[in-house]
Every structure is written in structure tokens, then in C-alpha cells.
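The values are calculated or read from the model by the stated rules, or taken from the named source; none is laboratory data. The structure displayed is predicted, hence computed values, not measured ones. Note that we place each Cβ from the backbone using ideal geometry, even for glycine, and neighbour counts take in every protein chain shown. Only protein heavy atoms, including side chains, enter the accessible area calculation; ligands, DNA and RNA are left aside. Shrake-Rupley method; radii C 1.70, N 1.55, O 1.52, S 1.80 Å.
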Amino acid sequence: MAEQAPVNPDIELVSRTQAGDARAFDELVVKYSPRLYGLVYNMTSNHEDANDLLQEVFAKAYRSISGFRGKSSFYTWIHSIAVNMTINFLKKRGRRFQMSLDDVDLNIQNDKEFIELTATASPVRQADLGELQLKLNEAMGKLSPEHRAVVTMFDIQGMPHAEISKILGVSEGTIRSRLFYAHRQLQAHLDEFREFRKK
Amino acid sequence: MQEEPDYITKLLRLKRFEQPEPEYFENFLKEFQARQRGQMLREPAWRIGWDRLCAFFGENLPVRLGYGLAYGAVLVAATIASINIRESRPVEMAAVPPRPAAQVASLNLNTQVQLPDLPTFVRRTAPTASFSAPRYVMDTRPVSYEPPSSF
């Protein structure tokens, strides 16, 4: 007996939205808003900007969903809308911006990687959590919008290279080279957090 | 060499813990619905059309572009045809002579005004009017385009 392929629930929700069911789109908003918020927020380092942009992303997706033919997944499609809109926003904003950071969730104390980073006599342990957050966001702010997008998707959100290349419409090689370049830049800005490890 | 990128990645992953208030995502949908309704009322039709066009062309660009070009060509042809039809209708109208401004300013109840000739419409096909006594003419032969039957 042939095994049935799992049906992607997004396809049904997209079809219902295309047929005029606005509640189906609401379900897509509920499903994707946390992940897309993370993407836009980590690229902008500003809660208000991320909120406004995310509203526009969903509004644009809703307006143009009738043209969505399912050649790529809805996940890829809406991520590419969000990334492109955020990159355009960052290019317009330029260097004039103020950070408006979200609070760090206290569950970070239970995170395996955080425990690992703070276990040794590292500067991460010495630094105040707020200071570390500020330094990380400042370092991200030094990257170009394209590099920030790749770092956010790969390092922060844990997406594979193949998925990022589909979203950005570039080859996996380009993604790897952008990551390499971005990591080198970030190392230069976050050097102080490495000092103790070297000693 | 390998250690450093890993270290950066681990450091960056801490950013996952930067989260908005817990009720943020609950309110997000409500805000979206409210904004969307407002935006749909304000949004110009061309913008909605453009977004749909972009999404439409995004996946089947070559075929859809062909349809788009064909549609554009038909539209241009229809516009040119309609302009030609409009230009082929002649309207002849005598120009209205401008009234001198000085004369208009000095007018009062006692002034005798000599009215200028009023403009007349000239129709190309209008018959010339004749005010002589009516004359009835009985044609001996009816007008016909048929060739005469007498040899």
C-alpha cells in the first residue's frame, strides 16, 4: 500500500484565502508572525520598525496572494517578501536609526549554549546581559542589509543554506561566501568577548 | 580557525531570546485586521493592481509577459483608432470677434450700443434658403437609377 504524502496545511489555507476567505489568511498570520517578527526585528534592531514592517509584509502578501501559484512554498514566498521589504527599508533608513530592543527572555539562563558560554571565565560571564545584547545589536548594525539578512536567517533562526538561497534567489555558494564575510566582520566588532578565551 | 565562527554563531544565537511582550502576538492579528481595513479604503486601485501584477508575473514571467504585451498592443491600437474617428468629424464655426475692453467699461443705460454681427454656424450640407414664392414642380419622369427600359 502506497504511503500518502503529508499534505501541507498552508496549501489549503492559501486556496481558501484565494477564494476570498479572510479567516484563512488570519490563520497564516498567526502561524507566521512570530517567525517573521524574529527575522525583521533581528535585521532592524528596532521593535517599532519591525512591527510596522511586519504589518506591511502581511498586507502586501494578502494583496498579492491571488498571484501566488504555489511554485515555491508559502513559507519561502512570505519570507522572501519580508526579507526584500526589510532590505529596502534598511537601505532607505541608512545610518540614522535608534535601537529599540526587546527584553531578553529570562529562559536564556536555561539555554545550553548560554550556559556553555558563561561557564568559563569568559567576558560573556563578566558582561551584564543588557550590555551583551547591546554589543550584539551594534555589531549586527555594522553589517550591510544583505549580510544582516543571511546572518539572521542562518545564525539566529537556524535555517539551512538551501532554504536561505531559495528565499534570497541566489546560489548556496553566494550564501556561504556572504556568511564567511559577515562572520569575519562580526569577529572584529565582538573581539572583546573573545579576549578572555585567548588568555 | 574553525572555533571562531562557531563562537560567533553561538553568541548570535542568544539573540533568539530577545522577545516582545507575551501579549504582542495576540494583539498583532487585531492590529493587522484594523490596519488592513483602513488601508484597503485608502489604497489606490493602481497599487493593489500593481502588487497583484508583480505576484502574477513572479512565477510565469515569459508567458504572462507575452499576454501583457499583446494586451498593451491592443490598447494602443484602440486608442489610435478612437483618435482618428474623432478627428474625422468637421465642425466649422465662425470665430466670435472679441469685444473691445474699453467699450465694455464705458457702458451705461444711455449709451447706444451697436451690436456686432452674431456668429453663424455654417453647415456644409444645409440647403440655401429662398424666400421667393413657393414653386411646385411636377417632374415628368421620376428619378431613378435604373437604366431606361425603352430602347
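Side notes on the structure shown:
- Subset of the range A:159-176 (residues that are under 13 Å from residue A:147 (Cα atoms) and either basic (Lys, Arg) or open to solvent by 70 Å² or more (accessible area, probe 1.4 Å) (or both)): A:176
- Restricting the range A:112-128 to residues that are surrounded by 17 or more Cβ atoms within 10 Å (Cβ to Cβ) and either in a helix (DSSP H, G or I) or within 9 Å of chain B (Cβ to nearest Cβ) (or both), the residue that is modelled with the highest pLDDT: A:114
- Any hit, the range A:81-97, residues being facing another protein chain (nearest Cβ under 10 Å) and over 21 Å from residue B:12 (Cα atoms): yes
- Within the range A:18-34, residues that are at the interface with chain B (Cβ under 10 Å from one of its Cβ atoms) and farther than 15 Å from residue B:24 by Cα sit with their Cβ atoms under 7 Å from residues that are open to solvent by 50 Å² or more (accessible area, probe 1.4 Å) and part of a helix (DSSP H, G or I), at 6+ positions apart or across chains, in these pairs: A:25/A:62.
- Residue A:66, sole failed condition from (1) at pLDDT 95 or above; (2) among the small types (Gly, Ala, Ser); (3) farther than 21 Å from residue A:154 by Cβ: (1)
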